[in-house]
Amino acid sequence: MHSSFTRIQNVFGFFTTVACVFGAFIAATDLFAARNPSGTITPQNIQVVKGRPHYYSSKKEEYAIIRFSLDADLSSLFTWNTKQLFVYITADWPSDAAQNATNSAVIWDSIITNPSADHLRNIGPIAMKKLKKSAEGKTIDPSRGLLKLKNQKPKYQITHPSGKLANAQDVTLKLHYNIQPWVGLLTWDMDMDIGLWKTMAGGLSEPFTLPAIKTKSTGKK
């Protein structure tokens with residue numbers, strides 16, 4: 001006869017195995033959901049200034065402020081297993097110090113939640129009421145994955161360890177995403193097509209050059 005503890009242990013082990021298999025099945029369903037994100041990003045207003053980019057900076061240095069416009073359709077990334085979507089934009093440019101090296105800095109990001117995960121957002125009651133209303137009768141609100149930003153101010157300024165940024169060439173803005181599922185592994189934007197998962201259509205700006213340092217006018221008073 002097995003003891004009560006042994007029986008409880010066996011039952012717990014059985015349900016753990018069932019839960020793991022069921023979780024793996026849920027995660028595998030993502031492979032059958034098409035992903036075809038697209039986006040167009042355009043730099044709008046670019047400035048390079050010299051100063052302290054942060055209040056805790058110990059010295060003055062050059063930093064860039066890049067405004068941009070974004071028109072993206074990421075609605076295909078939302079499935080019944082999507083918990084939230086992390087979207088971010090980077091500025092990338094080649095490094096002068098080494099060949100085949102690239103500088104990359106995040107200038108803007110945002111978290112888009114699935115309607116069923118709205119409670120995870122730290123937002124006010126009015127915004128929460130609007131989100132709940134938009135999700136009524138819908139499994140996923142298609143507008144959740146549509147981003148239309150005009151002359152958007154960046155959240156983060158670009159700096160460089162050397163303290164120099166003016167006249168940097170071949171700078172591009174790139175749209176990225178990271179999907180956090182309810183069950184399964186985190187997935188990032190694809191470098192190549194894998195089955196129904198397609199790479200980002202567009203999502204990369206034309207190369208541009210950072211301007212010279214913006215100086216104050218020295219005209220007579």
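Roughly speaking, to the nearest percent, how much of the stretch 1-81's 1.4 Å accessible area is carbon and sulfur?
63 percent
Please find the FRET efficiency linking Asp96 to Gln44, where r is the Cβ-Cβ separation and R0 is fixed at 30 Å, and quote it to the nearest 0.05.
In this case the efficiency is close to 0.70.
Along the principal axes of its C-alpha atoms, what lengths does the stretch 1-100 span, in descending order and rounded to whole Å?
On the principal axes, the stretch 1-100 reaches 79, 39, 31 Å in Cα extent.
Based on the mean of other beta carbon atoms within 10 Å per residue, what is the order of 47-58, 67-78, most packed first?
67-78, 47-58
For the stretch 26-93 and the stretch 154-194, what is the separation of their C-alpha centers, rounded to whole Å?
6 Å
Ignoring ligands, DNA and RNA, what accessible area per residue does the stretch 171-210 give at 1.4 Å, in Å²?
Averaged over the residues of the stretch 171-210, the accessible area is 56 Å².
Ignoring ligands, DNA and RNA, how do Met200, Met192 rank by accessible area with a 1.4 Å probe, largest first?
Of Met200, Met192, the descending order of accessible area is Met192, Met200.
Using modelled amide H (1.01 Å from N, peptide plane; none on Pro or chain starts), what sits under 5 Å from the amide H of Leu146, excluding residues fewer than 5 places away?
Leu74
By how many nm would the segment from Met192 to Asp109 lengthen if fully extended, with 0.36 nm per residue of separation less the alpha-carbon distance?
Length gained between Met192 and Asp109: 27.6 nm.
I need the Debye-formula profile for the stretch 1-59: one equal scatterer per C-alpha, no solvent, reported as log10 I(q)/I(0) at q = 0.20 1/Å, two decimals.
After summing over all Cα pairs, the log10 values are -0.92.
The values are calculated or read from the model by the stated rules, or taken from the named source; none is laboratory data. Remember, it's a predicted structure, so these values are computed and weren't measured experimentally. As a convention, Cβ positions derive from the backbone with ideal geometry for all residues, glycine included, and neighbour counts pool all protein chains shown. With ligands, DNA and RNA removed, areas are computed over all heavy atoms of the protein, side chains included. Shrake-Rupley method; radii C 1.70, N 1.55, O 1.52, S 1.80 Å.
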